[in-house]
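So the structure is just underneath, and the comments pick up after that.
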């Protein structure tokens with residue numbers, strides 16, 4: 001058995017469906033690597049597998065965090081390591097299904113040793129963001145254009161940390177990442193990536209976003225807010241929830257929210273593919289979801305059931 005099988009790809013490419021089907025075929029269990037699916041109560045907007053799928057295939061690292069708290073990459077690596085160890089102890093195959101590629105990379109190679117945080121500098125940057133986030137984004141674009149293209153414009157936390165790292169180190173964070181020696185991977189792995197034509201991916205994104213709102217995303221959000229969750233909670237920065245919050249306060253109509261979420265998801269998918277194209281270990285599959293089951297199974301079997309970190 002391989003140590004870990006990893007399924008990556010842009011949002012809405014069918015990673016979860018393929019991961020669950022592979023788990024059934026290969027005797028595996030799924031470890032979710034999604035930064036928002038960890039939160040309890042955020043079900044529709046994070047496209048968590050349904051109850052029937054989860055009853056057939058064990059899924060780990062879903063619903064493990066309170067949405068009022070902030071879950072980190074370090075917590076993910078700790079919890080994923082524990083889940084993988086348990087799965088392997090049962091003689092089964094861990095299948096990491098990852099939409100948050102930073103989490104996947106941290107799991108496979110460890111966390112990047114960034115400069116220590118500077119509370120006074122962070123306080124200053126926070127104040128600058130509150131006053132003019134566009135100016136802060138422009139500053140990041142000047143300091144580290146690649147990071148600016150990869151980090152969403154609305155992602156305050158990652159934007160400020162990227163600026164902070166640049167100022168503390170005197171060098172772009174992207175450059176430091178590249179120089180960080182990966183060394184031996186923490187897990188032996190085979191990484192399969194899903195890639196499909198842009199038009200088809202955008203059609204799937206549109207279908208997903210429309211389906212989220214039709215399935216009751218607004219009601220789900222109302223329930224979370226009624227339960228005491230702040231609309232400013234990090235968990236609600238997930239695409240779909242941000243737009244739904246704007247509907248509830250009256251600044252967007254439902255249709256405007258749907259269209260905005262589609263556009264934002266499309267930009268996210270583009271950033272995800274930019275990231276993945278730089279990962280030399282990805283073994284690409286052309287297509288989406290369960291239609292790739294036979295080919296993905298063949299790729300695993302061609303490795304003799306064992307992946308390698310060397311790509």
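The values are calculated or read from the model by the stated rules, or taken from the named source; none is laboratory data. The structure displayed is predicted, hence computed values, not measured ones. Cβ coordinates were reconstructed from backbone atoms using ideal geometry, including for glycine residues, and neighbour counts include every protein chain displayed.
Miscellaneous remarks
- Members of region 246-271 that are under 20 Å from residue 39 (Cβ atoms) and under 21 Å from the mean Cα position of the chain (by Cα): 261, 264, 265, 268
- For residue 19, the conditions (1) assigned to a loop (DSSP other than H, G, I, E, B); (2) buried (at least 24 other Cβ atoms within 10 Å of the Cβ) all hold with the exception of (1).
- Just so you know, in region 49-73 the residues that are outside any loop (DSSP other than H, G, I, E, B) and surrounded by 14 or more Cβ atoms within 10 Å (Cβ to Cβ) include one that is modelled with the lowest pLDDT, and it is 73.
- Considering 45, 28, 41, the condition of being touching a strand residue (DSSP E or B) at 6+ places or on another chain (Cβ under 7 Å) and either in the same structural domain as residue 92 (by TED's automatic domain parsing) or crowded, with 23+ Cβ neighbours inside 10 Å (or both) is satisfied by 28 alone.
- Breaking point among (1) assigned to a helix (DSSP H, G or I); (2) loosely packed, with under 15 Cβ neighbours inside 10 Å; (3) within 16 Å of the chain's Cα centre (by Cα), for residue 76: (2)
- Some residue of region 1-14 being surrounded by fewer than 24 Cβ atoms within 10 Å (Cβ to Cβ), closer than 29 Å to residue 218 by Cα and within 14 Å of the chain's Cα centre (by Cα): yes
- Some residue of region 88-99 being under 23 Å from residue 48 (Cβ atoms), assigned to a loop (DSSP other than H, G, I, E, B) and either at pLDDT below 90 or not assigned by TED's automatic domain parsing to the domain that holds residue 191 (or both): yes
- In the set (1) out of contact with any helix residue (DSSP H, G or I) (no Cβ under 7 Å at 6 or more places or on another chain); (2) buried (at least 17 other Cβ atoms within 10 Å of the Cβ); (3) in a loop (DSSP other than H, G, I, E, B), residue 186 fails one condition alone, (1).
- If you go through region 196-248 and pick out every residue that is without any contact (Cβ under 8 Å) to a residue 24 or more places away in the chain, touching a helix residue (DSSP H, G or I) at 6+ places or on another chain (Cβ under 8 Å) and not in a helix (DSSP H, G or I), you end up with 1.
- Those residues of region 107-121 which are touching a helix residue (DSSP H, G or I) at 6+ places or on another chain (Cβ under 8 Å), modelled with pLDDT of 90 or more and closer than 14 Å to residue 167 by Cβ, in sequence order: 121
- Residue selection: residue 154 fails the criterion of being modelled with pLDDT under 85, part of a helix (DSSP H, G or I), under 18 Å from the mean Cα position of the chain (by Cα) and not assigned by TED's automatic domain parsing to the domain that holds residue 33.
- The number of residues in region 164-200 being closer than 22 Å to residue 33 by Cα and at pLDDT 90 or above comes to 10.
- Matching residues, region 143-155, being farther than 15 Å from residue 35 by Cα and either crowded, with 20+ Cβ neighbours inside 10 Å or touching a residue at least 60 places away in the same chain (Cβ under 8 Å) (or both): 144, 147, 148, 149, 150, 154
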